[in-house]
Amino acid sequence: MDPFEQYQILQSRRQFLNQSKAGLGAAALAALVSPPCVADGNYVADALPKAKRVIFLFMAGAPSQLDLFDHKPKLGEKFRQPLPDDVRDGQRVTAMTKGRDHLIQPSMFKFSPQGQSGLFMSELLPHLSTVADDVCLIKSMYTDAINHDPGKTLICTGSQIPGKPSLGAWLSYGLGTLNKDLPDFIVLNSAFWSGDQRNVQALYSRLWGTGFLPSKHQGVAFQSSGAPVLFLSNPAGVSRASRHKMLELVTELNQKHAAEIGDPEIHTTIAQQEMAFRMQASVPELTDISAEPAAMLDLYGPEVHKTGSFARNCLLARRMVERGVRFVQVYHRGWDHHAALPGKMRGQCFDIDQPCAALIKDLKNRGLLDDTLIVFSGEFGRTVYCQGSQSATDYGRDHHSRCFTAWLAGGGVKGGIEHGRTDEYSYNIVDQDGKKTTRFEDGAIHIRDLNATILHQLGIDHRRLTFRFQGLDQKLTGVEEESHVLTKILS
Amino acid sequence: MRSAIVQKHKFLISARFAKGQRRRIMQDRNKWNVDRNRLWLCRSRFTRMPLLLSIWTLISLPAASDTVSFNRDVRAILSDRCFQCHGPNEETRQAELRLDVADDREGPFHDRDGHRVITPKDLQASAIWQRLTTNDDAERMPPAESNVKPLTSGEKQVIRQWILNGAQYEDFWAFVSPQRPTAPDAADPQWNSPIDRFVLARLTVEKMTPQPAADKRTLIRRVTLDLTGVPPTPTEIQRFLNDQSPEAYQDLVDRLLATPRYGEHMAKYWLDLVRFADTNGIHHDHYREMTPYRDWVIRAFNANLRFDDFVTYQIAGDLYEQPTIDQQIASGFNRLHLVIDRGTAIPEESFNRNVVDRVSAFGTAFLGLTLGCAVCHDHKYDPVTQKDFYQLSAFFNNFDTTPETPGRDTHPPFIQLPTPAQSEQLKLLASRVATVTVEINTLRKAATPDEKAAAVATLKQKEEELKAVTRQNADLNTLVQVSLVSKERTEIRPAYILTRGAYDQPGEQVERNTPSFLPPLDSAESLKTRMDLARWVTDGQHPLTARVAVNRFWQQFFGVGLVKTSGDFGAQGEFPSHPDLLDDLASSFVQSQWDVKTLIRAIVLSATYQQSSSAPVEAYQADPENRLLGRGSRFRLDSEMIRDQMLLVSGLLNETMYGKSVRPPQPPNLWKSVSMKSSSTYSFEADTGESIYRRSIYSFWKRAMPPPQMTIFDAPTRESCVARRERTNTPLQALVLMNERQYFHAAGNAARTLLAANDLSEAARLSRAYESVTSHLPDTEELASLQNGLSGLRLTYQQDVESVKAVTSEIKEASHQERIEIAAWTMLVNSLFNLDATKTRE
């Protein structure tokens, strides 16, 4: 957007606030009635959006595609054989397995075809298997990073280098708000997990940060204990009534000051204080699940009763999209299985399997799946070769950037299909003829392409959603490489 | 898509012309002083330009006029719409055409078999004009599929006029040394300083009149906040009001510049710029010890260290013949980048990442350039080649340090900074170690069996002592303050251009050098050093350093710089709103021996700065950011100032300076929610006691999760260099000001102090409260609002016994009636803390 347009938008916003200053403020506070919502989203959709909202289930630490989705039946015969050099093909490896043997490790878990579509899923995912026909597996994801921090930063912000806005921030910036009482972008960090307890990779607030976009677009991380939003609750001894009284006084004085000094920004302050006051009511209502029927809680599984569980967060994510939150990102940690992978995977899948399936079913029952896109992904994949001690039932896997599996559901994406292929080792992405490739045309999907596709479903041409920074029209998909919309999987 | 563009260009241009041999014309490297005249020409035109246009269009989007300047009007359009394919980057250049320079065989004036892309003064013979204006979609530039926005009609008019006027190119203004311009004549005796004369001249052209000077209360609040980061106390206000002398304001400024708070406040901006933090920022995000660097920055500003020395110490403080402690600490600048701990990443990749981070920081902090773009390819907009980047990187690739940190341990090289007492103790221990060692050796040399037998017991005792003393020594060493510093390796590590920036794809080897589009670095030695680089940057004739620095200082006082893009002075940056003023400030800054306080003094003593920020709504709408300086600037305070102000006015502020970072309380589990369990910053334990009331500059900064009270108000995470903070206005900010526990505690503290003054009437007490928070006295209407608000709050609490107890739980002895008063007054102060005027500098 050029500065003039930016200015005009600012202008109209200011005018709005200005004209409505008499109406805003005390009246709204008194009646607890919301003023009309001021959309700051200025992006004019290129097409009718298929999806209005996104729930991104982020498996931090990188789950093994080989043990969940990417079925390689022939690997059993190759147990403990070295990975052929032409497969590895000069691939850089992490410091952890550099210079070691690279011996093949098949998955110990059984795979079977599911639903009418016959998508293969591992026995670790019995619940997700029941909704396989709603899921689109992308088996040919690849990334540029082989370490967690840059890997996660890349998938969440489109760049390995810290400082870029996250996907949710871009959506908030581009599309504005769908609701007037809640943030556009909410982050739910699962407070615990069943897998690896010791080796748990860090998250960074930059993963839901705004980078160079205005900070009002940043993800609001909900807390699993205490007030869900930082500083939401009044201090002890401040009732809603006294907060109301206090804000009446503040608004009165602010309005007088605005009349004297002329700066329209004061009206923004007034509006935001009102929003804060409304959030003090709307957020507790959002996180209070006591009115959910028992059958609904059962659908999400026993963990849903624990605050901060992944299951609870999935249920909250549904309640959020229901209330018009644009983008919800649910983080689940503990997927970095360098050793003792099978046991840890069982625990992790216990955490996430039933809630993921429940989320799909729940949204579907409410008619929300059609325009809510669910994305499930880690930051990269894991190696076919073993790390740490190796036996048929005990093994670990190192980081792997050349291929991994993500899945999508709803939001105008076809269910019961898979996209992309990997070689017999789940090591390289291959084309129709089995030749190694990283080309989009051959089916390989970079994170840029995934992001372009997500934006597309929301009615956004990724090339047009830009923000001027450091002299460049910055984009979620970067300014360097081309990105593609994966139209094949769209209904 | 790219190939489609290539095809089209080939068809329309290149195919018609013989394929010329590509060659890069390096810009003349001896441009310290040349082309000044051309630049002047453009400047003097600038001020004469007839201006019937809206203010905004003037600043960034000049419409048609017969006085079009290449630098001001044309370059931005070409850069934005054309350079991507017709700019400095040779690889992406299409159709063998570059529009960024005039004199090149691929330039626009070059004869292409009788055709020219631009023929001065002749639109018909200028292919560019045809291509910009044609109705043929397939021919029109920029091509639709490039996703570059088409030119607006106003922009086309600019190009049209420029061609008609002769299509004169100018060297990019920021890469030519500033020369001190002559200030316009003083049109108003009150507006007599050089700053004011430049500003007023522009306002006059715009047919605008400045606002009158702000009232004394506004003024003392503004200048105290701007220079010290906290507001004035009522006593200070009274003293200023009572001082009727003409020098009252000047004296106030001098007083403020001399307070130690000044350095703390100035340091905040610098620490954003160099991304100072307490953790490493990647992977484990372990603690790192750099706080002596922060202390040095504070001391340097307070001592008014010459800015050129300030810069040199940081780039190359370790390379002085006998560096002082301060110079070594300052050289820690090169250690402020993010760094991973060893174990997972590939060390070669980490090494490269560190080098790139250092060079980018050098570019942003000192040159105001976005050099990072040239890591992978030639810059698409600025003349920064990939080679330029790696030549520069060769100054920053030779540190004597490992690319990854040894886990939690301090990452060498570092210096130890024992206190005098510790020094003494360490000396004693060292001498004791030496003595005992000698004694042991002597005992071991015992020759005869008898002697040996006699020595056994003593030897054992001495060995025990040695162990104990060594342990004491080690223990004491862990208590000694350290700071990471720079240290050069003796052997020189070669540097290469990395193909597409990949650490494992070295290409051509390069030597240390500065970017080719800037003046050359002259060095007597064949091997240029970081010290040479520092001297080059701080040369008084350097086109960027002083401009970039004064612009950032200016930005502190007006909310936005004369160049708005204070971190980007390149082609994609913004042209200055007042180019002459910028050059005047830069030149006088250098002439003053880089004297920061003198510069700041000149700024805050100007009539421009002292204007009232009260203006008609229309003025705010016409120029929301006050780029034309027709009023006093009004903008929200930074997060640190908001917090420090609250601590000061409530009497809680602890003004202890320096030292390790402190941890004021924050909501629970924030660190845990993001950290690895084995991180040294996994679990946040709030400090107790007075240290939680230290100024915010001393708050612990974990990069993965900085204090939310700060980031919610737009403080950066300190993961990358930030020259200018955003200023947003969000509901989360409102929640912080309403509910943050320390802020609420501060309100309670202020309320009790107010109530303790029992000789006051309620109205007088309300006035005092209002004044201590806003620096103003309430007028009748405001006082009525306050009284009304207080009564309402009192009534609420009279009906709510539990709430009264909760608010006053810290108070031991008080009647219920007194408690109701305290609760109501606490909420009254909380209201004052939430006023827009309180969080705003106006």
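So, in segment B:671-696, how many residues would count as being out of contact with any helix residue (DSSP H, G or I) (no Cβ under 9 Å at 6 or more places or on another chain) and either more than 14 Å from chain A (Cβ to nearest Cβ) or not in a loop (DSSP other than H, G, I, E, B) (or both)?
Summing the residues that are out of contact with any helix residue (DSSP H, G or I) (no Cβ under 9 Å at 6 or more places or on another chain) and either more than 14 Å from chain A (Cβ to nearest Cβ) or not in a loop (DSSP other than H, G, I, E, B) (or both) in segment B:671-696 gives 5.
Working carefully through the options B:E781, B:E771, find the one that is away from chain A (no Cβ under 11 Å), in a helix (DSSP H, G or I), under 16 Å from A:N254 (Cα atoms) and under 44 Å from the mean Cα position of the chain (by Cα).
So the residue among B:E781, B:E771 that is away from chain A (no Cβ under 11 Å), in a helix (DSSP H, G or I), under 16 Å from A:N254 (Cα atoms) and under 44 Å from the mean Cα position of the chain (by Cα) is B:E771.
Does A:V93 count as β-branched (V, I, T) and closer than 30 Å to A:D184 by Cα?
Considered against the rule, which asks whether it is β-branched (V, I, T) and closer than 30 Å to A:D184 by Cα, A:V93 comes out as no.
Filter segment B:625-670 for residues that are within 24 Å of the chain's Cα centre (by Cα), under 20 Å from B:T218 (Cβ atoms) and in a loop (DSSP other than H, G, I, E, B); which is modelled with the lowest pLDDT?
B:E625
Looking only at segment A:226-265, count every residue that is more than 36 Å from the chain's Cα centre (by Cα), among the charged types (D, E, K, R) and either more than 7 Å from chain B (Cβ to nearest Cβ) or surrounded by 19 or more Cβ atoms within 10 Å (Cβ to Cβ) (or both) and tell me the total.
Residues flagged as more than 36 Å from the chain's Cα centre (by Cα), among the charged types (D, E, K, R) and either more than 7 Å from chain B (Cβ to nearest Cβ) or surrounded by 19 or more Cβ atoms within 10 Å (Cβ to Cβ) (or both) within segment A:226-265 amount to 4.
Go through (1) under 20 Å from A:R53 (Cα atoms); (2) buried (at least 23 other Cβ atoms within 10 Å of the Cβ); (3) at pLDDT below 95 for A:S190 and report which single condition fails.
So the condition that A:S190 fails would be (1).
Any idea which of (1) over 23 Å from the mean Cα position of the chain (by Cα); (2) touching a residue at least 60 places away in the same chain (Cβ under 8 Å) is the one A:V330 doesn't satisfy?
Of (1) over 23 Å from the mean Cα position of the chain (by Cα); (2) touching a residue at least 60 places away in the same chain (Cβ under 8 Å), only one is false for A:V330: (1).
For segment B:576-597, check the following and say yes or no: at least one residue is charged (D, E, K, R), under 22 Å from B:F517 (Cβ atoms) and in contact with a Gly (Cβ under 6 Å, 6 or more places away or on another chain).
No, every residue in segment B:576-597 fails to be charged (D, E, K, R), under 22 Å from B:F517 (Cβ atoms) and in contact with a Gly (Cβ under 6 Å, 6 or more places away or on another chain).
Just to check your reading of the model, which residue among B:V274, B:V311 is of a type in the set (A, V, I, L, M) and touching a Ser or Thr at 6+ places or on another chain (Cβ under 6 Å)?
Within the list B:V274, B:V311, the selection yields B:V311.
Modelled with pLDDT of 95 or more and more than 9 Å from chain A (Cβ to nearest Cβ), is that true of B:S803?
no
Say whether the condition of being over 19 Å from B:E719 (Cα atoms) and assigned to a loop (DSSP other than H, G, I, E, B) is met by at least one residue in segment B:365-376.
yes
Look through A:Q329, A:Q348 and report the one residue that is in a strand (DSSP E or B) and among the polar types (S, T, N, Q).
Of the residues listed, the single one that is in a strand (DSSP E or B) and among the polar types (S, T, N, Q) is A:Q329.
Would you pick out the residues in segment B:723-782 that are surrounded by fewer than 20 Cβ atoms within 10 Å (Cβ to Cβ), more than 17 Å from B:L832 (Cα to Cα), free of Cβ contacts under 8 Å to residues at least 60 places away in the same chain and not hydroxyl-bearing (S, T, Y)?
Residues satisfying the conditions are B:E726, B:A756, B:A757, B:N758, B:D759, B:L760.
Every residue, every condition in (1) surrounded by 15 or more Cβ atoms within 10 Å (Cβ to Cβ); (2) in a loop (DSSP other than H, G, I, E, B); (3) within 14 Å of another protein chain (Cβ to nearest Cβ), yes or no:
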position	(1), (2), (3)
A:K74	no, no, no
A:E77	no, no, no
A:R80	no, yes, no
A:D86	no, no, no
A:A95	yes, yes, yes
A:G99	no, yes, yes
A:S107	yes, yes, no
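Being away from every other protein chain (no Cβ under 12 Å), out of contact with any strand residue (DSSP E or B) (no Cβ under 6 Å at 6 or more places or on another chain) and touching a residue at least 60 places away in the same chain (Cβ under 8 Å) is the filter here; which residues of segment B:369-386 pass it?
B:D378, B:P383, B:T385
State all residues of segment A:254-275 that are in contact with a Phe, Trp or Tyr (Cβ under 9 Å, 6 or more places away or on another chain) and at pLDDT 95 or above; if no residue qualifies, say none.
Across segment A:254-275, there are no qualifying residues.
Just name the residue that is surrounded by the most Cβ atoms within 10 Å (Cβ to Cβ) out of those in segment B:225-239 that are in a helix (DSSP H, G or I) and in contact (Cβ under 8 Å) with a residue 60 or more places away in the chain.
Among those that are in a helix (DSSP H, G or I) and in contact (Cβ under 8 Å) with a residue 60 or more places away in the chain, it is B:L227.
Of all residues being of a type in the set (G, A, S) and touching a strand residue (DSSP E or B) at 6+ places or on another chain (Cβ under 7 Å) in segment B:476-518, which is farthest from B:Q425 (Cα to Cα)? Just the residue, please.
For segment B:476-518, the residue satisfying everything is B:G507.
Given the conditions (1) more than 11 Å from chain B (Cβ to nearest Cβ); (2) of a type in the set (G, A, S); (3) under 17 Å from A:A60 (Cα atoms), which single one is not true for A:G176?
Here A:G176 meets the rest and fails (3).
Taking segment B:656-670, which residues are more than 14 Å from chain A (Cβ to nearest Cβ) and at positive phi?
Correct list: B:Y658, B:G659.
Of all helices (runs of 4 or more DSSP H) completely enclosed by segment B:704-760, which ones contain at least 2 residues that are within 10 Å of chain A (Cβ to nearest Cβ) and of a type in the set (A, V, I, L, M, F, W, C)?
Per the criteria, B:731-739, B:741-756.
Does at least one position in segment B:140-160 carry a residue that is over 26 Å from B:G573 (Cβ atoms) and in a loop (DSSP other than H, G, I, E, B)?
The answer is yes, given that some residue of segment B:140-160 is over 26 Å from B:G573 (Cβ atoms) and in a loop (DSSP other than H, G, I, E, B).
Out of all the residues in segment A:457-484, which are free of Cβ contacts under 8 Å to residues at least 40 places away in the same chain and under 18 Å from A:K52 (Cβ atoms)?
Within segment A:457-484, just A:H462 meets the criteria.
Kindly list the number of the only condition in (1) more than 25 Å from B:A806 (Cβ to Cβ); (2) at the interface with chain B (Cβ under 9 Å from one of its Cβ atoms) that fails for A:F192.
(2)
Identify the single condition in (1) in a helix (DSSP H, G or I); (2) away from chain A (no Cβ under 11 Å) that B:N397 does not satisfy, given that it satisfies every other one.
With (1) in a helix (DSSP H, G or I); (2) away from chain A (no Cβ under 11 Å) applied to B:N397, the lone miss is (1).
Which residues, counting only those in segment B:521-541, are assigned to a helix (DSSP H, G or I) and of a type in the set (D, E)?
Of everything in segment B:521-541, just one residue is assigned to a helix (DSSP H, G or I) and of a type in the set (D, E), namely B:D532.
If we keep just the residues of segment A:195-219 that are more than 7 Å from chain B (Cβ to nearest Cβ) and of a type in the set (A, V, I, L, M), which is farthest from A:D473 (Cα to Cα)?
Once the filter is applied, the top-ranked residue is A:L207.
Tell me the helices (runs of 4 or more DSSP H) entirely within segment B:266-353 that contain at least 3 residues that are under 17 Å from B:F396 (Cβ atoms).
Counting at least 3 such residues, we get B:307-316.
The values are calculated or read from the model by the stated rules, or taken from the named source; none is laboratory data. Values in this document were obtained by computation on a predicted structure and should not be read as measured data. Ideal geometry is used to build each Cβ from the backbone, glycine not excepted, and the neighbour counts take in all protein chains shown.
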